1. Residue check: is LEU162 touching a Pro at 6+ places or on another chain (Cβ under 8 Å) and at pLDDT 90 or above?
2. When you go through (1) modelled with pLDDT of 90 or more; (2) surrounded by 18 or more Cβ atoms within 10 Å (Cβ to Cβ) one by one for ASP59, which number turns out not to apply?
3. Could you list all residues from segment 37-56 that are closer than 17 Å to GLN2 by Cα and either touching a residue at least 60 places away in the same chain (Cβ under 8 Å) or open to solvent by less than 50 Å² (accessible area, probe 1.4 Å) (or both)?
4. Which of the following residues is of a type in the set (A, V, I, L, M, F, W, C) and open to solvent by less than 40 Å² (accessible area, probe 1.4 Å): VAL244, VAL278?
5. Condition first: surrounded by fewer than 16 Cβ atoms within 10 Å (Cβ to Cβ) and within 22 Å of ALA188 (Cβ to Cβ). Now tell me which residues in segment 210-231 satisfy that.
6. State the number of residues belonging to segment 62-84 that are open to solvent by 40 Å² or more (accessible area, probe 1.4 Å), of a type in the set (A, V, I, L, M, F, W, C) and in contact with a helix residue (DSSP H, G or I) (Cβ under 7 Å, 6 or more places away or on another chain).
7. Does MET197 satisfy being open to solvent by 40 Å² or more (accessible area, probe 1.4 Å), in contact (Cβ under 8 Å) with a residue 24 or more places away in the chain, within 30 Å of GLY96 (Cβ to Cβ) and not charged (D, E, K, R)?
8. Could you list, in sequence order, the residues of segment 86-106 that are over 17 Å from HIS274 (Cβ atoms) and without any contact (Cβ under 8 Å) to a residue 60 or more places away in the chain?
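The values are calculated or read from the model by the stated rules, or taken from the named source; none is laboratory data. Given the structure is predicted, the values throughout are model-derived calculations rather than measurements. Using ideal geometry, Cβ is built from the backbone for each residue, glycine included, and neighbour counts are taken over all protein chains shown. Please note that ligands, DNA and RNA were not included when accessible areas were found on the heavy atoms of the full protein model with its side chains. Shrake-Rupley method; radii C 1.70, N 1.55, O 1.52, S 1.80 Å.
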Amino acid sequence: MQFQQLQYFVAVAETRHFTRAADLVHVAQPSLSQQIKALERELGADLFLRARGNITLTDAGEALLPLARRILADADTARHEVQELVQLRSGRVRLGATPSLCTGLLPDVLRAFHDRYPGVRLLIEEGGSHDLVRELARGALDLALVVLPLPTPSPALTTVELLREDLVVVSSPEAPAPGRGGRAVDIAELEGERLVMFRHGYDLRELTVTACRSAGFEPDFAVEGGEMDAVLGFVRAGLGLAVVPRMVATRAGRGLRVTPLARPGLRRSIALAHRSDVAPPRAARELHRMLVER
């Protein structure tokens, strides 16, 4: 019994017509008929009752049909699984992330992914959550790490919350400590402090400015418009303070004083997003799994 014979048998059983079945499986009708006869000889039973203009299954054919369909389905699943594994030897993953996450969360996970799948190219796009959501929607990204809540909620996206992290104040150790110099600083104590502020479109910019205004004052910018690395460099140089994720402050190394925000403080939620209507590629699904299970 050959796999191809089962394909031909199922095609005839579903179309109840030898010529249409031959067209369906892209083979000449005489060849299909010969293979069906060979299968019947192998099984020792007729599979079809062949009356003029009317093809029906025999009892043997009825018994074989669900088994043949299962065999073909299992073979298709096996082929698909092998192809998925092969894809992890090559291919690409297009991942978007906010700059602070590129600095804080991603390096360790991407190193582990690259060690496991060195043939998969990792294409990283930095941007604010608003830009990343737009890039996801138009199919330019497979996955994106975004800050919740999304600036424009979209039913076409699926999000999984990964973590919640505290924001802290970073300053130069050579400058006076922020606020009253205590172990923690209240947002209200940042009034009058010179801040190093991110460019427009940064989630951290919007979060910090909103918190200052909620505390009753307008933030005073010493420098604004920078990316994460530039902001940290300006803070080290003593140009002002900045509010950044704790994870970023921890990885930034020496040259920064880290001061927690007093309760209730500021926190942000990080989620992994992908389109709901399109399944991510196999390599992207594997990176998704590693980020969720990190």
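1. Working: touching a Pro at 6+ places or on another chain (Cβ under 8 Å): no; at pLDDT 90 or above: yes.
No.
2. Going through (1) modelled with pLDDT of 90 or more; (2) surrounded by 18 or more Cβ atoms within 10 Å (Cβ to Cβ) one by one, ASP59 breaks only (2).
3. ALA38, LEU39, GLU40, ALA45, LEU47
4. VAL244 is the lone residue from the list that is of a type in the set (A, V, I, L, M, F, W, C) and open to solvent by less than 40 Å² (accessible area, probe 1.4 Å).
5. Within segment 210-231, THR210, ARG213, SER214, ALA215, GLY216, PHE217, GLU218, ASP220, PHE221 meet the criteria.
6. Matching residues across segment 62-84 total 1.
7. No; evaluated as a whole, the condition is false for this residue.
8. Within segment 86-106, VAL86, ARG89, SER90 qualify.
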